[in-house]
Amino acid sequence: MKMKKSGLLLSGLAAALLTMVAPTAQAAWALNMTQGISAISRNIYSLHMMVFWVCVVLAVLVFGVMIYSLVRFRKSQGAVPDTSLVHNTKAEIIWTAIPIAILVVMAVPATRTLIETDDATKTELTIRVTGYQWKWGYEYVGSGVTVLSTLDRDSNFARQLGSGIDPNSVPNYLLNVDHALVVPADTKVRLLISAQDVIHSWWVPALAIKKDAIPGFVNEAWFKIDAANTGLFRGQCAELCGRDHGFMPIVIDVRSKADFEAWLRTQKALQQPADAAAPAAAPATAAPASAANAAATVRAAPARS
Amino acid sequence: MAYTETVDAHDHHDHPPAGIWRWLSTTNHKDIGTLYLVFSGIMFFVGGAMAMVIRLELFKPGMQFVDPAFFNSMTTVHGLAMIFGAVMPAWVGLANWMIPLQVGAPDMALPRMNNFSFWLLPFAFTLLLIGFFVPGGAPAGGWTLYPPLVLQGGDSFPMAIFAIHLMGASSIMGAINVIVTIMNMRAPGITLLRMPLFVWTWLITAYLLILVMPVLAGSVTMLLTDHFFGTSFFSASGGGDPVMFQHIFWFFGHPEVYILILPAFGIVSEVIPTFSRKPLFGYEAMVYATASIAFLSFIVWAHHMFTVGMPLAGELFFMLSTMLIAIPTGVKVFNWTATMWRGSLSFEPPMLFALAFLFLFTIGGFSGLMLAIAPADFQYQDTYFVVAHFHYVLVPGAIFSIMAGVYYWLPKWTGHLYSMALGKWHFWLSAIFVNVLFFPQHFLGLAGMPRRIPDYATQFADWNMVSSLGGFGFGLSQLLFPILIWKCVRGGEKAPAQVWEGAHGLEWEVPSPAPYHTWQDPPSEAQIAHGAEH
């Protein structure tokens, strides 16, 4: 069944293939974010957990005192109010000073991480990301390779009002695309994010990157994925962008440096049909893409002004 | 002698005109307060019905009931109706009813403007809601109205803009009225630092309203001219900047958040001392903390926009300034807790709602602190974590304290005691379901579910179903509230002037129900002393 479905797919990219046959067991009842696949995403995760635990400790203390008061000082238990207790300078100084100290302790690592995320220097590859209603366009700067990434057909059929298709029967329902964004691991990649029509927001939780795509402006973000973390990672548009805002997912296909280089060479060859050598180069790639699919990519490539 | 006659003649006006004309023409602060509160209740159910549609569609994955565009209208108009239609008018209604009673004034300072500011609202919301029936459907770009998306709206776009102008004009007039009343009409002997906390928090809220509602009006007018008159304030192709709208909007929007919550602090600061039978702990600290929060609200706006791509210095500034808010807010929570400490507590409905506020608003405060941390906010921004956060501060925060206020003063308004049992049912159902509704949304957000989506990936199905069940339960439970109020208006045990054993304040010095005209003679020093508590 899955083979048949994948046969129907326009995409010959390994990304889509892998997506179709990959186990679809997903974390139900998930409670927390994941650590992600880069040093930055792990930093942000630890920051999140640190602030969370500080809040938990404070909550236990504050709610503890509240609950103790509710139990201990009940009128029905004969509690007599101490109406003279209306002011206590020492207590008030303490419960102003301690929160200040806690905030300073939290601000230091938060500031450090913020400065790190801002440092988009010494990047090795630049990809232009463009948001459209309702799809994502990617362009590998320098090589001219473009990818247009839209919701996959199975999800798109199933998500129509009254489609009668059970979303649970669609692998990676609403989180799958026809053409994934292929990126290299262990490489500092810079994203230049913009939009064509309205504001979108490019979000991949595993990278801890969420950056608004704003028409007329270019935002910068960067990531460096651990060498070991190859595979598919999914995200979604995070800024309301109209009717189909919920239906423009993001899939990144993280490959080793060598695999990525090979893929990029192939795509470059395929997307420049004027280059006579292009079709011959196709079989040399790690993840072969058929000429027909490559042509589809070219047709779908965004027209740029 | 002539003077006495005039006063007597005036007293005969105690009976308002009968029928609808009374409500259309009234300049009486109690009537106008009632109008505001009834209007707020209607909008609470209108906005609530939209929330039910949202939770119904999100009950399970797949699109079952509505088109995605209609879903976007639901989230957009739900937000506008709840903020501008339910919460803000409820506060103005409570201010109208209670501020003159609490400061010993015979009415609001500007009674005709008071009537006008109320009667703008039904027109404003009619204009907003008939958007559902015009080509293009109701506004669907989010209550935050971000361009360029909002400019894609249909015929309802200019209607919504005009509706917002009317709401803004109404709010500004209401705020002017509150400030003038508090500043000029306090009875002799009621100094600023003898005012009840509800009056204080409303005074500060009114200044916030006057400062920021014109900013909102300006920003939406710029949207209007961008759409119809060829300007390019927010369009990059004409040299403008869509992010500038977000800066202007949130310069309004963050103080707006405190406009929704500061009067809640005031109510809770009245209710907790009453049912702890102990004066409020740290009265002056409470006043200064409120003022600090109001000041900080003007310098934190861009924490709503950490992902728009600000310079590092901007992100750092807004992160650190936002974290500062935790300090005065902490002082307030500690002071309320200290008020209960060594008190003598009882748990009537107003106290129950105030306690739920104390616990659940604090949870909203904790998630707010997490959201302040800019790098972590890159993960939280525009997810259900944010939805959970602001619903925790607005539903068990603002709305529960409105309910606490209504339960606290309802016997003073109607002259009848209400059914404590029904009130407690309403409380427990609300308190349980509100957590079933909103707590799982924290998990959904952290697991990666964006907000404002009509359908979602299947791994989000479980918690969405729980949240929807909580939503339906919460929605149904709210039907008890108008039932209880209706029964209390119609009859019940006669309420004494001093409804609650531990209550202090001038509103308890007048009979229940409060006569149509009160404090035509200012309260005596003895009454003020009896009412004073701090």
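Worth pointing out:
- Scanning region B:267-282 for residues that are touching a residue at least 60 places away in the same chain (Cβ under 8 Å), buried (at least 23 other Cβ atoms within 10 Å of the Cβ) and over 12 Å from the mean Cα position of the chain (by Cα) yields B:V268, B:S269, B:E270, B:V271, B:I272, B:P273, B:T274, B:F275, B:S276, B:K278, B:L280, B:F281.
- Within region B:302-317, being surrounded by fewer than 22 Cβ atoms within 10 Å (Cβ to Cβ) and in a helix (DSSP H, G or I) holds for B:M305, B:L312, B:A313, B:G314, B:L316, B:F317.
- Filtered residues of region B:24-60 (kept if modelled with pLDDT under 95 and either within 14 Å of chain A (Cβ to nearest Cβ) or within 26 Å of A:I165 (Cα to Cα) (or both)): B:K60
- Yes/no for A:S194 being at pLDDT below 95 and assigned by TED's automatic domain parsing to the domain that holds A:A258: no
- Count of region B:481-496 residues which are surrounded by fewer than 17 Cβ atoms within 10 Å (Cβ to Cβ) and within 28 Å of the chain's Cα centre (by Cα): 6
- Region B:225-264 - residue that is closer than 17 Å to B:H165 by Cα and over 27 Å from the mean Cα position of the chain (by Cα) and, of those, surrounded by the most Cβ atoms within 10 Å (Cβ to Cβ): B:D226
- Number of residues in region A:106-126 that are without any contact (Cβ under 8 Å) to a residue 40 or more places away in the chain and either over 28 Å from B:M319 (Cα atoms) or more than 10 Å from every other protein chain (Cβ to nearest Cβ) (or both) equals 2.
- Condition met for B:W508 (crowded, with 19+ Cβ neighbours inside 10 Å and part of a loop (DSSP other than H, G, I, E, B)): no
- Long-range neighbours under 6 Å by Cβ, at least six apart or interchain, first residue assigned by TED's automatic domain parsing to the domain that holds A:H245 within region A:130-155, second assigned to a strand (DSSP E or B) and small (G, A, S): A:T130/A:G137; A:T130/A:S194; A:G131/A:A195; A:G131/A:A213; A:W136/A:S149; A:L148/A:G137
- Any hit, region B:270-291, residues being in contact with a strand residue (DSSP E or B) (Cβ under 7 Å, 6 or more places away or on another chain) and among the aliphatic types (A, V, I, L, M): no
- Looking only at residues in region B:453-473 that are crowded, with 21+ Cβ neighbours inside 10 Å and within 25 Å of the chain's Cα centre (by Cα), the one that is nearest to the other protein chains (Cβ to nearest Cβ) is B:S467.
- The residue that is nearest to the other protein chains (Cβ to nearest Cβ), counting only those in region A:68-91 that are among the hydroxyl-bearing types (S, T, Y) and assigned to a loop (DSSP other than H, G, I, E, B), is A:T83.
- Extreme residue, surrounded by the fewest Cβ atoms within 10 Å (Cβ to Cβ), among residues of region B:318-337 that are of a type in the set (A, V, I, L, M) and more than 7 Å from every other protein chain (Cβ to nearest Cβ): B:L324
- Any hit, region A:67-76, residues being touching a residue at least 60 places away in the same chain (Cβ under 8 Å) and of a type outside the set (V, I, T): no
- Flag for B:F347 being facing chain A (nearest Cβ under 10 Å), among the hydrophobic types (A, V, I, L, M, F, W, C) and more than 25 Å from B:P255 (Cβ to Cβ): yes
Matching residues to (1) facing chain B (nearest Cβ under 10 Å); (2) in contact (Cβ under 8 Å) with a residue 24 or more places away in the chain:
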{"residue": "A:I165", "(1), (2)": "yes, no"}
{"residue": "A:P171", "(1), (2)": "yes, yes"}
{"residue": "A:V183", "(1), (2)": "no, yes"}
{"residue": "A:A195", "(1), (2)": "yes, yes"}
{"residue": "A:H200", "(1), (2)": "yes, yes"}
{"residue": "A:D212", "(1), (2)": "yes, yes"}
{"residue": "A:E220", "(1), (2)": "yes, yes"}
{"residue": "A:A228", "(1), (2)": "no, yes"}
{"residue": "A:C237", "(1), (2)": "yes, yes"}
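- Qualifying residue in region A:35-44 (condition: part of a helix (DSSP H, G or I), surrounded by fewer than 19 Cβ atoms within 10 Å (Cβ to Cβ) and hydroxyl-bearing (S, T, Y)): no
- Residue count for region B:188-208, restricted to those that are closer than 21 Å to B:P273 by Cβ, touching a residue at least 60 places away in the same chain (Cβ under 8 Å) and assigned to a loop (DSSP other than H, G, I, E, B): 4
- Looking at B:F157, B:F162, B:F132, just one residue is over 21 Å from the mean Cα position of the chain (by Cα), within 14 Å of another protein chain (Cβ to nearest Cβ) and part of a helix (DSSP H, G or I), and that residue is B:F157.
The values are calculated or read from the model by the stated rules, or taken from the named source; none is laboratory data. Predicted, not measured: the structure shown is a model, and the values here were computed from it. Backbone-built Cβ (ideal geometry, glycine too); neighbour counts: all protein chains shown.
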